[in-house]
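J.: Have a look at this one.
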Amino acid sequence: MNDNDIPILNKSYELYKIFHEYRKVVPKQDRFTVYERSENLILSVMELLVEASYGDKVRKALVLEKTSVKLNILRFMIRLMKETRTFDTKKYIILQEIIDEIGRMLGGWIRVTAR
């Protein structure tokens, strides 16, 4: 399976590219705390998605559940950045919409794997 054939991986790749662009507007005081933690979460989600794509059914289910937890932590961090004014509302909405879409895709993948 080619990693480019996985829509959820493509969407997480898009999320990272947008998030990386926002680094330019993140205040220095936040860049090495909540921003960096969030960036690492996005990278972890991407790694786990690749891992899940190669795993057997049992392993895949475990990895997808772990991915779901990391995605929910990321949601929390993004909201925190909005509330601390690290990101403006427009950037927050863009990121949350992509994260929500990844969440829906992930939920579908988890349901299919659980069968």
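J.: With springs connecting C-alpha atoms under 10 Å apart, model the chain as a Gaussian network and identify which of LEU62, LEU41, LEU49 has the largest mean-square fluctuation.
T.: Comparing LEU62, LEU41, LEU49 in a Gaussian network model of the chain, the most mobile one is LEU62.
J.: Follow-up question, since we're still on this one. How much area per residue is accessible in the chain when the probe is 1.4 Å and only protein heavy atoms are counted (Å²)?
T.: 60
J.: Tally up the carbon and sulfur contribution to the accessible surface of region 35-115 as a whole percent, 1.4 Å probe, everything protein left in place.
T.: In region 35-115, the share of accessible area belonging to carbon and sulfur is 54 percent.
J.: Which three numbers, in whole Å and largest first, are the semi-axes of the equivalent ellipsoid of region 27-95 derived from its Cα gyration tensor as √(5λ)?
T.: Output for region 27-95: semi-axes of 28, 11, 9 Å.
J.: Given springs between every Cα pair under 10 Å in a Gaussian network model of the chain, which of PHE76, PHE19, PHE87 has the largest fluctuation?
T.: Answer for the Gaussian network model of the chain: PHE76.
J.: I need the phi-derived Karplus couplings for region 35-50: 6.51 cos²θ - 1.76 cosθ + 1.60, θ = phi - 60°, integer Hz, Gly and Pro marked x.
T.: Karplus values, whole Hz, x for Gly and Pro: 5, 5, 4, 5, 4, 5, 5, 4, 5, 5, 4, 4, 4, 5, 5, 5.
J.: Next question, about the same structure. I need two numbers for the chain: Rg to one decimal and Dmax as a whole number, Cα atoms only, in Å.
T.: Both quantities, over Cα of the chain: 14.5, 47 Å.
The values are calculated or read from the model by the stated rules, or taken from the named source; none is laboratory data. Predicted model, so just to flag it, every value in this text is computed and none were measured. Remember, those area values only see protein heavy atoms, side chains included, never the ligands or the DNA or RNA. Shrake-Rupley method; radii C 1.70, N 1.55, O 1.52, S 1.80 Å.
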